[in-house]
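A.B. asks: Let me give you the structure first, and then I'll get to my questions.
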Amino acid sequence: MNLPTSTWAPTQNRKADHIRICLEEDVQCQQVTNGLERYRFTHCCLPECDRHDIDISTDFLGKNLLAPLLISSMTGGTAQAGIINQRLAQVAQHYKLAMGVGSQRVAVEKPQVADTFAVRKYAPDVLLFANLGAVQLNYQYGVDECLRVIDILQADALILHLNPLQECIQTKGDTNFRGLFDKIAKLCNQLPVPVIAKEVGNGISAAMAEKLIAVGVAAIDVAGAGGTSWAKVESERAENALQRRLGKTFADWGLPTADCITGIRAIAPDTPLIASGGLRHGLDAAKAIALGADIAGLAMPFLQAAADSEAAVYELAEVLIAEISTVLFCTGNISLYQLKHSGSLQSLQ
């Protein structure tokens, strides 16, 4: 697919805008939270274990992770984004974390920027997720384009992100979501890697997860409300008053992350499940896992650290791992399996 410059240039500019806005503007949800504050761990004053024996490793989609953490999909397509992705990939490799990249549509439209996504050389052993918008399946994208982005990353799985609200507010957004279940089903049957369905901050309900799983999606990333509001982000870069107003009106739209986790786990006990959306530290990650998620994804904290320095990303990873390990120690659990089944997390409601 060779698209004219006029088609891909706005996509690349949007990538740069997104980084700038997320780092410089207040685009966090204000009226809705991730819901995790409604839960508290029961403290164990005598854990009967050695903290050095705690093991927070896990398997996800056939790969071992030393910690149940995903560096969530963020960016690519610009020089700055390439530096950010390199720093994130190097840290993911060091700590054996999973990592996703931002939407690779720009790399399909402009192959010259594909290298800003191509992080496998920095992370040879890491669980890596390629990424495209599901709606692009209605805009001339198909198996070939999906294979292209998988190949750029040498990815272990493909994220199809679902972002109807963002597309509504984005100037000239792609809003034809008709017939996508059938197209996703065909894709799941034809691709050589698993497909992950992911929202972008408004959440996936249990009912929608059930439909996605039924058509062949291998894993769900709930990406619930409570963190970065992409309605706010798009409002900040809107070109007219209507788009700005829409972004402000729907700034806190969505399903809290905690509700998505519990709802989906109730109807799909065995489906690989990623918790993301407003997670800001290891305590959030541990709560999400205790609620039923397999791994926890964070974006904004990693973006802020990676925009600062590689050292800042290493420091963040160390802190997150220490926070999760501390939760296990102070609840008397030595593994994530024990944490999930210990009943240590209590609802405050």
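A.B. asks: Might you let me know whether segment 241-255 holds any residue that is within 14 Å of the chain's Cα centre (by Cα) and either of a type in the set (Gly, Ala, Ser) or over 22 Å from Asn13 (Cα atoms) (or both)? Let's see the steps before the verdict.
C.D. replies: Step one: list which residues in segment 241-255 are within 14 Å of the chain's Cα centre (by Cα), which gives none.
No: segment 241-255 contains no residue that is within 14 Å of the chain's Cα centre (by Cα) and either of a type in the set (Gly, Ala, Ser) or over 22 Å from Asn13 (Cα atoms) (or both).
A.B. asks: Counting only residues that are part of a helix (DSSP H, G or I) and either in contact (Cβ under 8 Å) with a residue 60 or more places away in the chain or not hydroxyl-bearing (Ser, Thr, Tyr) (or both), how many does segment 261-314 have?
C.D. replies: 30
A.B. asks: For Arg87, work out the one condition from (1) closer than 30 Å to Ala288 by Cα; (2) touching a strand residue (DSSP E or B) at 6+ places or on another chain (Cβ under 9 Å) it doesn't fulfil.
C.D. replies: Unmet condition: (2).
A.B. asks: Here's a follow-up. Whether any residue in segment 48-57 is buried (at least 22 other Cβ atoms within 10 Å of the Cβ) and closer than 25 Å to Ser347 by Cα is what I want to check. Full working, then the answer.
C.D. replies: Initially, segment 48-57 is screened for residues buried (at least 22 other Cβ atoms within 10 Å of the Cβ), giving 56.
Now restrict to residues that are closer than 25 Å to Ser347 by Cα: 56.
Yes: one or more hits.
A.B. asks: Pick out the one residue from Lys198, Lys232, Lys248 that is surrounded by fewer than 23 Cβ atoms within 10 Å (Cβ to Cβ) and either basic (Lys, Arg) or within 25 Å of Gly173 (Cα to Cα) (or both). Can you show your working first?
C.D. replies: Working: Lys198 fails: surrounded by fewer than 23 Cβ atoms within 10 Å (Cβ to Cβ); Lys232 fails: surrounded by fewer than 23 Cβ atoms within 10 Å (Cβ to Cβ).
The unique qualifying residue is Lys248.
A.B. asks: So which residues in segment 65-89 are under 18 Å from the mean Cα position of the chain (by Cα), polar (S, T, N, Q) and farther than 18 Å from Ser276 by Cβ, if there are any at all?
C.D. replies: Residue satisfying the conditions is Gln86 alone.
A.B. asks: Just checking, how many residues over segment 211-234 are more than 15 Å from Leu298 (Cα to Cα) and in contact with a Pro (Cβ under 6 Å, 6 or more places away or on another chain)?
C.D. replies: The number of residues fulfilling the criteria is 2.
A.B. asks: Where in segment 44-128 are there strands (runs of 3 or more DSSP E), lying wholly inside it, with at least 2 residues that are not small (Gly, Ala, Ser)?
C.D. replies: In segment 44-128, the matching strands (runs of 3 or more DSSP E) lie at 58-60, 63-65, 69-71.
A.B. asks: Could you look through segment 23-58, keep only residues that are out of contact with any Pro (no Cβ under 9 Å at 6 or more places or on another chain), aliphatic (A, V, I, L, M) and modelled with pLDDT of 95 or more, and pick out the one that is farthest from Arg280 (Cα to Cα)?
C.D. replies: Going through segment 23-58, the residues out of contact with any Pro (no Cβ under 9 Å at 6 or more places or on another chain) turn out to be 23-31, 37, 39-55.
Remaining after also requiring aliphatic (A, V, I, L, M): 23, 27, 46, 54.
Keeping just the survivors that are modelled with pLDDT of 95 or more gives 46, 54.
Values: Leu46: 28, Ile54: 22 Å.
The extreme case among them is Leu46.
A.B. asks: Something else: When segment 67-126 is examined, which residues are found to be surrounded by fewer than 20 Cβ atoms within 10 Å (Cβ to Cβ), of a type outside the set (A, V, I, L, M) and without any contact (Cβ under 8 Å) to a residue 60 or more places away in the chain?
C.D. replies: Correct list: Gly82, Gln86, Gln93, Lys96, Pro111, Gln112, Asp115, Arg120, Lys121, Tyr122, Pro124, Asp125.
A.B. asks: Would you pick out the residues in segment 142-180 that are more than 24 Å from Trp230 (Cβ to Cβ) and part of a loop (DSSP other than H, G, I, E, B)?
C.D. replies: Gly142, Gln154, Asp156
A.B. asks: What number of residues in segment 313-331 are farther than 27 Å from Glu199 by Cα, of a type in the set (A, V, I, L, M, F, W, C), surrounded by fewer than 20 Cβ atoms within 10 Å (Cβ to Cβ) and out of contact with any His (no Cβ under 8 Å at 6 or more places or on another chain)?
C.D. replies: Matching residues across segment 313-331 total 2.
A.B. asks: Return the residue satisfying two criteria in turn: it lies in segment 226-261 and is modelled with pLDDT of 95 or more and aromatic (Phe, Trp, Tyr), and of such residues it is nearest to Ala206 (Cα to Cα).
C.D. replies: Restricting to residues being modelled with pLDDT of 95 or more and aromatic (Phe, Trp, Tyr), the top hit is Trp253.
A.B. asks: While we're here: Say whether the condition of being under 25 Å from Gln80 (Cβ atoms), acidic (Asp, Glu) and buried (at least 16 other Cβ atoms within 10 Å of the Cβ) is met by at least one residue in segment 150-164.
C.D. replies: Taking every residue of segment 150-164 in turn, none turns out to be under 25 Å from Gln80 (Cβ atoms), acidic (Asp, Glu) and buried (at least 16 other Cβ atoms within 10 Å of the Cβ).
A.B. asks: Continuing with this model, one more query. In a helix (DSSP H, G or I) and free of Cβ contacts under 8 Å to residues at least 12 places away in the same chain: does that describe Arg244?
C.D. replies: Judged against the criteria, Arg244 is a match.
The values are calculated or read from the model by the stated rules, or taken from the named source; none is laboratory data. Predicted, not measured: the structure shown is a model, and the values here were computed from it. Positions of Cβ are generated from backbone atoms using ideal geometry, with glycine treated the same way; all protein chains shown enter the neighbour counts.
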